[in-house]
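Since the structure comes first, as C-alpha cells, the remarks are kept for the end.
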Amino acid sequence: MITSNAMRCVILAFTLILIWSQSSAQDVEGDPLNIGLAAEAQTILDAGQGQARKWLAPPDVVVVYRDPRMPAFVQSTLAEIEMGRENFFGFGEVKFFDLNDYTDDLYRKTDVSIIRIGEEGHERKLRLSLNLGDRDIRIHGNIFVFTVGLEEMLLLGALTQTDPQFMRTMAKDEEQNCHYSAWSTDDVIHTAATYVRSDYPETWILNCLYEEMFQSLGLLNDAVGSVNFTFDDTLRPVEDRTLDRLLLDALYHDTVQPGSPVGDTVDIFTQTLEQR
C-alpha cells in the first residue's frame, strides 16, 4: 500500500520530469536563435523552388586582374573558404591572368562564352578570348574572378550577360556593390563569375571576394540583416565566419545531392551546431 506521503513524492517526481523534458524540447526545437539560424540558412540556400544547388567537382578558378594586389587577395580568400573543411572538396587549379601582359584596351578585342569541353563535351567551362591581331589568347575555367576597374567591369559584365540591374547599379556608381553569376543544369553548377571592382578600398575588395566566392559555390542568396552569416549584402566586417563555413560544409555532405530539398542541408547544419 502506498502512503499519501509516498504518493505525493511520486507525483512531484513525475511533475519535475515532465517539466524538464518539455524544457529540453524547447531548448532544441524552440530556441529562437536556432530557429533564426535555420530560417536564414534556408534563405541562403534556396535555389528558387526549395532545392539545393552545388558543384559536383572542384571548380578551376581564373583570376582576371590588373592590380598586382589581386592574386594575394584572392589566394587568401580561397584559403579562408577552405579552412577546416570536412565535406567541401575545395577548389581545383587556380590561374592568374594579368591583363597588363596582353593589352591596355579590352574593347573590341574580348569575348566570354560558355563552352563544352572534355570527353564527349560533357564538361562546361567559361572561355575568355582575347583577339590581339597577331595572336589569339584563350583561357578556360569554371569560376572567373573579374577584379578590374569600372569600365572593364561593365564590359565583362555585358559579355557574360550578367544581371542588368547589377550593371545599372554599378554604372551609376551609387554605392559599393559586388556581384556573382552562376550557371547550372539540373541544379549542378558548372560555371560562375564574380565581379569585384579593384578601385574599391581594400576592405571592401576582400569582403566582396569572400561573399561572392562563397555564393558562387551554392550559398546563393543574401539573408538581409543577418547577424549570424556574412551574406547580408552590407559588406560589413565579420570577426567569426565559422557559421558560413559550416553551412557550406553541410551543403557538400555526401547525402546532399543537387536538387535535394534545402531542408536536408539545414538539418545537417543544425545537427553539426548541436554537436559542437
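Key figures
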quantity	calculated
Convex hull volume of the stretch 105-168 per residue (C-alpha atoms, cubic angstrom)	97 Å³
The stretch 177-217 residues near the modelled Arg116 label - backbone nitrogen below 19 Å, point 7 Å along Cα→Cβ	183-192
Spin-label proximity, Leu150 to the stretch 87-112 - amide N less than 18 Å from point 7 Å beyond Cα toward beta carbon	106-107
Cα gyration tensor category, rounded, prolate or oblate, for the stretch 131-260 with a/c compared to 1.5	oblate
Convex hull of Cα atoms in the stretch 145-192, direction-averaged projection (nm²)	3.6 nm²
Over the stretch 65-184, relative contact order from alpha-carbon pairs under 8 Å, at least 6 apart, %	18 percent
Percentage, to the nearest whole number, of Cα pairs in the stretch 60-160 over 24 Å apart	28 percent
Phi-based couplings in Hz for the stretch 148-162 (Karplus 6.51, -1.76, 1.60; Gly and Pro marked x)	9, x, 4, 5, 5, 5, 4, 5, 5, x, 5, 5, 8, 6, 6
All lysines inside 26 Å of Lys109 as judged from Cα atoms, apart from same-chain residues fewer than 8 positions distant	Lys95, Lys125, Lys172
Cα-derived Rg to Rh of the stretch 200-276, Kirkwood definition	0.99
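Coordinate-derived values only; no laboratory data. Here the structure is a predicted model, which means the values were calculated and not measured. Using ideal geometry, Cβ is built from the backbone for each residue, glycine included, and neighbour counts are taken over all protein chains shown.
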